[in-house]
1. As an exercise, find the ratio Rg/Rh for the stretch 558-678 from alpha-carbon atoms, using the Kirkwood inverse-distance average for Rh.
2. Given a Förster distance of 25 angstrom, what is the FRET efficiency for Asp449 paired with Trp524, based on the Cβ-Cβ distance and rounded to 0.05?
3. Sorting check: for 107-116, 91-100, 123-132, 687-696, which peptide has the highest mean count of neighbouring beta carbons within 10 Å, and how do the rest follow?
4. When the helix-only estimate is applied to the chain (DSSP H runs of n ≥ 4, each -39,500 (n - 2.57), divided by the residue count), what is the mean residue ellipticity at 222 nm, nearest 500 deg cm²/dmol?
5. Over all directions, what mean area does the Cα convex hull of the stretch 175-245 project, stated in square nanometres?
6. Filter Lys342/Lys737; Lys737/Lys832; Lys80/Lys123; Lys114/Lys242; Lys194/Lys242; Lys80/Lys504 down to the pairs with a C-alpha to C-alpha distance above 25 Å, please.
7. For the residue pair Ser363 and Lys123, what label-to-label distance in nm results when each label sits 7 Å from Cα along the Cα-to-beta-carbon direction?
8. Take Asp755 and Thr458, extend 7 Å from each Cα along the Cα→Cβ direction, and tell me the distance between the two endpoints in nm.
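Bear in mind that the values in this text are calculations on the coordinates, not laboratory data. Treat the numbers as computed from the prediction; the structure is a model and nothing was measured. Neighbour counts are summed over all protein chains in view; Cβ atoms, including those assigned to glycine, are modelled from backbone coordinates with ideal geometry.
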Amino acid sequence: MNRRYDDQDEQGMAFTAHRYEEPKKEKKGGAFRLFARLFMGVFVLGLVGAVAAVIGGFLYVKSLEPSLPDYTALESYQPKVTTRIHAGDGTLVAEFARERRLFVPAESIPDTVKEAFISAEDKTFYEHNGVYWAGFPRAAWNSFKAMREGAPLQGASTITQQVAKNFLLTSDQKIDRKVKEILIARRMEKAFTKDHILELYLNEIYLGNRSYGVAAAALNYFGKPLSEVEAHEAAYLATLAKAPANYHPVYNESRATVRRDWILGQMNANGYLTDGELASYQAMPLGAEISPPLGARSAAMEYFSEEVRREVAKRYGTDALYDGGLSVRTTIDPDLQEKAQKAFREGVAEYDMRHGYRGPLASVSLPDDLDAQTTVEREGEEPRYFWALALDAAQDELLAQRKVAEDLRPWRIAVVLETTDAVAEIGFLDGERGSITLPNLAWARPYIDHNNIGDEITSVTQVLTPGDVIMAEPAEGETSYALRQIPAVNGGLLAMDPHTGRIKAMVGGFSFGLSEFNRSTQAWRQPGSTFKPFIYAAALDKGYTPSSIVLDAPFVAPGLDGTWYKPGNYVADRFYGDSTLRLGIEKSRNTMTARLAQDLGIGTIIDYAERLGVSDRLPRNLSISLGAGETTLTRLTAAYAQFVNGGKQIQPTIIDRVQDRSGETIYAVDDRVCFGCNVEAWDEQTEPPLTDSREQVLDPRTAFQMVSIMEGVIERGTGTKIRALYDDEPLPPLAGKTGTTNDYRDAWFVGFSPDLAVGVFVGFDMPQTLGNGEGGGNVAAPIFGRFMKDALVTEDVVPFRAPSGIRLVRVNARTGRPASSGEPNTILEAFKAEDDIYGRGNRYNVSGNQNASSGDEEIDSELGVIY
């Protein structure tokens, strides 16, 4: 029993040991297996999830592929490029564009510019394959912070990705756009070279100030081509890639400088700049400015630039004009253009001042304390005077009404601050002060009407009152200013090469800012007596000579409508009897011109006018002989040019050549073939001959006779105010004709030197009288003379060229009879070799001079006369 018990006890003990020790081991092993099972489960789930994510991502990417833009189009991409207008000497006149861009190929972009942008935007550009994966964590963290602050998200975009986004995608901050951007960037890196990608980026990026691409930005901010940009300037351009408005060179100059210096530091860190260069460039001022707006580069070029814009758009369409990157070489001469605008403005202002002062532009309320200052809302501006703010508000209102314009400089808008009998104190927008003394506003007698003005000015207070908004111009030779007013009258001036028709200067009005209507090309007006030379040219072709006699007496002819046509002379009811053709032009005789036109026939007159290009829509009545038809200043000036060029037909032109964006010439006004012109060097060879393809529209001898006759207009006739401008200086070879229409509504002078034809027109846009006596000789001729005196260098002007077949005979300037040596009032008259001196007038052989005025010396009736 006991043994058994012991056995049992031993067994029990064994059992007990097993019961307490073995379960412990069992419990420890089970936890490990549970952890292992959990780990394996998570791993499997993660693996499955990862595989699912990969598959999902793959499917997602695949789903985006059909909507991916065709990046291969970038291989032949042609961006929108600025069309640039150049003067005849190559200077820039104007720019037209939707996006102001100049395309520069990669090989022409300076390394400094490339290095600046790479340092600022993508320092591993030449190393990555389109995506800089290491930058994603930083971008994610920055985006997380931006989301919390409500700011835009940030991306780790490389330059390649930016190209993909800018060219092919939108800027939406969405996941699918970012994925597409990455996909396209990877593919672009495989298809294109790094230089091609950089070329696309640097030519497309917007850099503020209407600048698309680095080349346009270099011009717009620094006024220099891209090839001349220095490292500190390139760094500023790279600064603008982030947010141009935040680094404005004027309003945010300090912030822009800090960012520029940081980029210079990055260029140094990347090995592009030495430490010495870094210090030198960081010490330099920002130096950036704001470029002028698109369009004309100067106020003087506004009318011409707009004319070129219309011509290019008409010829090639608006897309080519604004996006095509055309290079247009024009005919304009910048120096002559400036002189033309100056002469025209001075002449029109003088006319306007002769007719009195029409009052201030506006009136403003002034504070009691004129020196009190206040700040303004706009960042970057200095504190300004209360009166300057009042003036600013007045100008804004006036500009809205288009009553003042920036292109009136050196005239400035000002406000009258204080007045005494002797002087007015004035203030300008910038806070500067000035004064107007009594002599500088003595012209400002009150305007009553075109023929009457008020009493003389003896005190400044008669004219100006504190608060008046006026125009002021720096007085010549003084520190004070002169009172000015914007003329109510307008007009135009046109200058052209008489041998080619190339327009060298074009003034379409007093101010383009006030009126864009071009009165040189668009205004159809009656030419008045400037039409007469075409009648006299026809007469010279029909057998008359400059000494032929035509009766200047009352004239009546039946009209087509049953009325009677009865012209009078410039001085009413005064007639001068028998007069030579020369006197008919020099003194601008109306009745003798009408009588001559009746003898020639209206058909002949119209034929000559159309052949010379004056007009193609003249009415068939005798009144056109005195300029009752309509023409433009451009047409009339070109017609006169054909007198001085020997009777060769010309067409007015404003464009010499047009090249496309690749430099190919797509239009040239001179299409003559020149064999032997394109040799590599001159080696004593003869000058290659060029054919003259101009049509002969007038006998060159007749043309020269008209030139000689119109010289007399300035020497002895209605244009003597031109001669008076030269005082004791020698008068260069000049010729021309005045013109005045009924009731003094239009004033003209059209004339020429041997190599420059010029036309001037002055009149109100809504035709009305200029005032009694304000005809072509008083209004337009002085403008012509002022311009010619400024434009011509006397010693370089050649005489008028005489063709073969002309003989010069000494005659009496008034009678046309041969004159002996030493006889006073003699001239050398031009006759054709076969001419009888008295010409066609002899065949009438009518004696008597009953109609000559008693105050005018009679001409020998044996010469014959047309009644």
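1. 1.16
2. About 0.40, to the nearest 0.05.
3. Result, highest mean first: 91-100, 107-116, 123-132, 687-696.
4. Helices in the chain give a 222 nm mean residue ellipticity of -11500 deg cm²/dmol.
5. Averaged projected area of the stretch 175-245's Cα convex hull equals 5.7 nm².
6. Lys80/Lys123; Lys80/Lys504
7. That separation, rounded to one decimal, is 6.7 nm.
8. 5.6
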